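Beneath this line is the structure, given in structure tokens, with notes to follow.
The values are calculated or read from the model by the stated rules, or taken from the named source; none is laboratory data. Nothing here was measured: the structure is a model prediction, and the numbers come from that model. Cβ placement follows ideal geometry from the backbone for every residue including glycine, while neighbour counts extend to all protein chains displayed. When the accessible area is computed, the model is the full protein with side chains, heavy atoms only, and any ligands, DNA or RNA have been set aside. Shrake-Rupley method; radii C 1.70, N 1.55, O 1.52, S 1.80 Å.
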Amino acid sequence: MTIAQKLSFDVQLSGHARTAAEREQVLANPGFGQVFTDHMVSVDYTEGQGWHDARLEPYAPLTLDPATSVFHYAQELFEGLKAYRQVNGSVVMFRPYANAARFNRSATRMAMPELPEDAFVESLELLVQTDRDWVPTTEGHSLYLRPFMIATQVGLGVNWPSKTYRYLAIASPAASYFSGGVKPVSVWLSTEYTRAAPGGTGFAKCGGNYAAAFVAQRQAVENGCDQVVWLDAAEHRYVEEMGGMNLFFVIGGKLVTPSLTGTLLPGITRDSILALAADLGLETEERLITVEEWQAGCESGELTEVFACGTAAVVTPVGSVKGADRAWTVGDGNAGAVTMRIREELIGIQYGSRPDTRDWIHKIA
Ligand SMILES: *Cc1c(COP(=O)(O)O)cnc(C)c1O
């Protein structure tokens, strides 16, 4: 249920914001998700009253009762998007309304209240505007935005979802994922574990999906691989996703990606690449892809490239694949031409060096 509600944010600026010198020191080597800006946004929700107490305030720890629902039953969801400083100096976000819509689809699945899309986007505009000096100027760097929502009701009763929630948004400067040039990753096919099953929460961006995934990611590393690849729950045969990213295959020159069966997270990068492919003269297809097709295609030479995509790392080539009883290389193991062309195009739009013909760029300042 969307409540048509106009929120106005109370602004309380930090009295202990970092100095320009301190900020520059962080921005020289930001890493990913380690350091946060001086402010955050919070909005509270109470059943019957709706959203209230919208505010921008100094970034600070939260104080929550140990019996708060989110700690016990993981009623939580999040989003991830970036603010970019474009080549002409303006600060923009990429498709924030797509994130707002997905936030609400996740909320519905998690029995949490929807946040009006305008309030979601406005909260991020306010945060980025206030902390705009934290948006890196270095090429390839960005300000990563993390909106999220938690259940805040105190008590251990589980017969109903929480009646109170808090929406928050925080921001963290991020380096380019590949500081030393784009490097293909190796992947581990997980047949022991499952990320998502039909009827579950696979399409929702909730922390619980990640909590269930860490053990498989650790197993991938133990097997000498960088990332885990998830297969379908029933047969462990159909390819779904790589860690927190969607997958694309170049098969017979066509761009193929697993269809959104309900167990995959519908990535905004995935959606953007499907749209961009046409501009680049590439045919696209959304369908099921099996592990056998992947391996046989690489062996015959029909399947030439594989890459993963998501907001954090944009486009990441996959160079080699390993499973319990098999291992093979994709192409010659290096990043392919189609992969790099798509990566360049997308980054070009985000940083303003390529035309934005689809109104994906949302200007903030
Ligand atoms: C966030 C996420 C993605 C990528 O989504 P984008 O909108 O492209 O960043 C893919 N898979 C999972 C599991 C995710 O959580």
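Remarks
- Per residue, in Å², the accessible surface of the chain once ligands and nucleic acids are set aside, probe 1.4 Å: 44
- Helix-only CD estimate at 222 nm, as mean residue ellipticity for the chain, using -39500 (n - 2.57) per DSSP H run (n ≥ 4): -7500 deg cm²/dmol
- DSSP-defined beta bridges in region 10-174 - what % are antiparallel, rounded to 5: 95
- Packing here is the average count of other Cβ atoms within 10 Å per residue, and on that basis the peptides 297-303, 110-116, 260-266, highest first, run 110-116, 260-266, 297-303.
- Within the chain: Cβ-based charge dipole about Cα centre, in debye rounded to nearest 20 (Lys, Arg +1; Asp, Glu -1): 320
- Between the alpha-carbon centres of region 1-55 and region 62-118 there is a gap of 12 Å.
- Eligible lysines near LYS322 by straight Cα distance, threshold 21 Å, same-chain separation 8 or greater: LYS183
- Crossing angle, helix 117-130 versus the chain [Cα axis fit, 0-90 degrees, rounded to tens]: 80
- Inter-part distance where region 180-196 and region 287-340 are each reduced to a Cα centre, Å: 10
- Region 64-112: C-alpha gyration tensor shape, a/c 1.5 cut-off, then a/b vs b/c: oblate
- Unsatisfied cross-links (Cα-Cα over 22 Å) in the set LYS82/LYS363; LYS82/LYS163; LYS82/LYS205: LYS82/LYS163
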